[in-house]
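Working notes, structure below.
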Amino acid sequence: MTEAGFDPASLVQSWPKPSKLRPIVTFGAGSIVGDAHFPAYRKAGFPVAGLYDPDQAKAQALAEKWGVTAFRSIEDATAVSGAIFDLATPPGRHAEILKALPEGSVALIQKPMGNYLGEASEILEICRSRQLKAAVNFQLRFAPMMLALKDAIAKGWLGEVVDFDAWLALATPWQLWEFLLKAPRVEIAMHSIHYLDLVRQLLGDPKGVHAKTLGHPNHTVAQTRTSAILDYGDTVRCALSINHDHKFGRRHQACEFRICGTEGAAYLKLGLNLDYPRGEPDILEIHPKGGSDWIAVPLAGEWFPDAFVGRMANVQRFASGEDTELISSVEDAWHTMALVEAAYKSSAAPAMPLAEKP
């Protein structure tokens with residue numbers, strides 16, 4: 001306990017575990033499954049029935065590594081009774097899989113919720129018409145540091161949040177995701193979408209967004225650098241500066257948030273993105289209301305794999321009725337997609353020109 005009455009050990013850092021477990025069927029055998037989904041589910045003791053991927057060789061190799069079944073078809077995968085269907089598929093394939101699920105199924109959909117807002121709207125309609133209980137895998141919300149941050153804000157230790165800064169200057173290995181190398185939308189749609197979604201959770205929906213996203217002359221990935229300002233009126237300032245092409249050694253790289261309130265502040269380092277996928281330890285420090293210095297919050301886990309544990313725990317608990325709210329449901333996630341779409345439209349629109357000299 002500190003002089004300000006701030007006890008960092010009291011902050012919530014994990015989601016309650018479900019008491020009733022359903023088998024998990026995963027669609028996709030990409031790196032995210034082996035690096036995050038399956039490590040998280042094994043750590044939590046969540047049962048994985050198997051996986052399906054149209055690339056049977058890739059599916060079989062991953063299934064053998066994790067001791068699960070490699071289904072031969074979508075029909076075989078969707079036949080697992082009472083399963084949670086875990087879509088780790090490229091965004092353009094989500095709708096196809098969702099249409100194949102039994103009506104009333106429970107599903108977790110990898111972000112983004114489609115490539116464009118139109119696809120997100122199609123996915124939303126599929127889930128509504130088939131009565132699917134579906135959430136989008138915005139797992140950053142469930143990272144121990146983010147759960148602790150949200151709890152600290154709820155307890156009033158920062159006062160009213162008035163500033164949110166995201167600063168990234170790092171080197172991201174885009175080659176790990178082959179389908180992204182020729183994708184028309186990359187940085188905001190596949191990466192900064194996590195931060196936009198987190199901002200929505202903490203601050204609500206903005207009035208609008210000013211954004212510019214672009215690539216880099218040293219490669220052909222569509223976009224790897226973004227600047228964005230979210231409009232929350234005249235009290236709250238929210239800015240993101242993202243550069244995935246800072247390839248000049250670790251010394252001056254960064255991946256951090258600064259959240260300032262009227263009476264306190266928080267600093268976070270998202271260690272995963274520094275030397276991905278191995279990463280570095282996450283950091284959360286808080287300068288609490290009434291405190292005289294920064295206090296380090298001991299973290300009970302990392303973004304990968306612990307956020308995936310919490311994400312699936314909420315889905316499992318919602319399926320059994322233990323949780324009344326499905327976090328990042330497709331109904332809510334659609335609004336994150338709307339923010340992403342607005343950012344791309346802003347980037348494509350001309351900026352306000354300077355006046356010409358008379």
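The values are calculated or read from the model by the stated rules, or taken from the named source; none is laboratory data. Bear in mind that the values here come from a model prediction, so they are computed numbers and not experimental data. Reconstructed Cβ throughout: ideal geometry from the backbone, glycine too, with neighbour counts over all protein chains shown.
Output the residue which, of all residues in the stretch 142-201 that are among the basic types (Lys, Arg) and under 16 Å from the mean Cα position of the chain (by Cα), is farthest from His216 (Cα to Cα).
Lys150
Exactly one of these conditions fails for Gly50: (1) assigned to a loop (DSSP other than H, G, I, E, B); (2) without any contact (Cβ under 8 Å) to a residue 40 or more places away in the chain; (3) under 24 Å from Gln139 (Cα atoms). Give me its number.
Result: Gly50 fails condition (1) only.
From the list Ala63, Ala36, Ala44, which one is touching a strand residue (DSSP E or B) at 6+ places or on another chain (Cβ under 8 Å) and surrounded by 14 or more Cβ atoms within 10 Å (Cβ to Cβ)?
Ala63
Specify the residue that is surrounded by the most Cβ atoms within 10 Å (Cβ to Cβ); the eligible residues are those in the stretch 319-340 that are among the polar types (S, T, N, Q) and assigned to a loop (DSSP other than H, G, I, E, B).
Ser328
Quick one: is Ser347 more than 27 Å from Met145 (Cβ to Cβ) and either in contact with a Leu (Cβ under 8 Å, 6 or more places away or on another chain) or assigned by TED's automatic domain parsing to the domain that holds Leu198 (or both)?
Yes, satisfied.
What is the number of the single condition among (1) touching a Gly at 6+ places or on another chain (Cβ under 6 Å); (2) among the aliphatic types (A, V, I, L, M); (3) farther than 18 Å from Ala333 by Cβ that Ala88 does not meet?
(3)
Yes or no, residue by residue, for (1) assigned by TED's automatic domain parsing to the domain that holds Ala95; (2) touching a residue at least 24 places away in the same chain (Cβ under 8 Å); (3) within 30 Å of Tyr41 (Cβ to Cβ):
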position	(1), (2), (3)
Leu240	no, yes, no
Gly261	no, yes, no
Leu284	no, yes, yes
Gly291	no, yes, no
Gly321	yes, no, yes
Leu339	no, yes, yes
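Mind listing whichever residues of the stretch 164-187 are surrounded by 15 or more Cβ atoms within 10 Å (Cβ to Cβ), of a type in the set (D, E, K, R) and touching a Gly at 6+ places or on another chain (Cβ under 9 Å)?
Glu187
Would you mind telling me which numbered condition in (1) buried (at least 19 other Cβ atoms within 10 Å of the Cβ); (2) free of Cβ contacts under 8 Å to residues at least 12 places away in the same chain His244 fails?
Every listed condition holds for His244 apart from (2).
Among what's in the stretch 94-130 and is part of a loop (DSSP other than H, G, I, E, B) and among the basic types (Lys, Arg), pick the residue that is surrounded by the most Cβ atoms within 10 Å (Cβ to Cβ).
Lys111
Among the residues of the stretch 131-146, write down those that are outside any loop (DSSP other than H, G, I, E, B) and surrounded by 23 or more Cβ atoms within 10 Å (Cβ to Cβ).
Hits for the stretch 131-146 are Ala134, Ala135, Val136, Gln139, Phe142, Pro144, Met145, Met146.
Note down all Cβ pairs under 8 Å where the first residue falls in the stretch 5-30 and is within 30 Å of Gly290 (Cβ to Cβ), the second is in a loop (DSSP other than H, G, I, E, B) and of a type in the set (A, V, I, L, M), and they're at least six residues apart or on different chains.
Matching pairs, first to second residue: Asp7/Met1; Pro8/Val297; Leu11/Val297; Gln13/Leu299; Gln13/Ala300; Ser14/Ala300.
Please pick out the residue among Thr324, Thr336 that is touching a strand residue (DSSP E or B) at 6+ places or on another chain (Cβ under 9 Å), farther than 23 Å from Phe38 by Cα and among the β-branched types (Val, Ile, Thr).
Thr336
For the stretch 188-207, give me the residue count where each residue is surrounded by 15 or more Cβ atoms within 10 Å (Cβ to Cβ) and either of a type in the set (Gly, Ala, Ser) or outside the structural domain of Lys269 (by TED's automatic domain parsing) (or both).
Residues flagged as surrounded by 15 or more Cβ atoms within 10 Å (Cβ to Cβ) and either of a type in the set (Gly, Ala, Ser) or outside the structural domain of Lys269 (by TED's automatic domain parsing) (or both) within the stretch 188-207 amount to 2.
Every residue in the stretch 273-301 that is part of a loop (DSSP other than H, G, I, E, B) and of a type in the set (Gly, Ala, Ser), please.
Correct list: Gly279, Gly290, Gly291, Ser292, Ala300, Gly301.
Mind listing whichever residues of the stretch 341-353 are out of contact with any strand residue (DSSP E or B) (no Cβ under 9 Å at 6 or more places or on another chain), of a type in the set (A, V, I, L, M, F, W, C) and not in a helix (DSSP H, G or I)?
Of everything in the stretch 341-353, those that are out of contact with any strand residue (DSSP E or B) (no Cβ under 9 Å at 6 or more places or on another chain), of a type in the set (A, V, I, L, M, F, W, C) and not in a helix (DSSP H, G or I) turn out to be Ala349, Met352.
Of all residues in the stretch 277-292, how many are of a type in the set (S, T, N, Q) and in contact with a helix residue (DSSP H, G or I) (Cβ under 6 Å, 6 or more places away or on another chain)?
Result for the stretch 277-292: 0.
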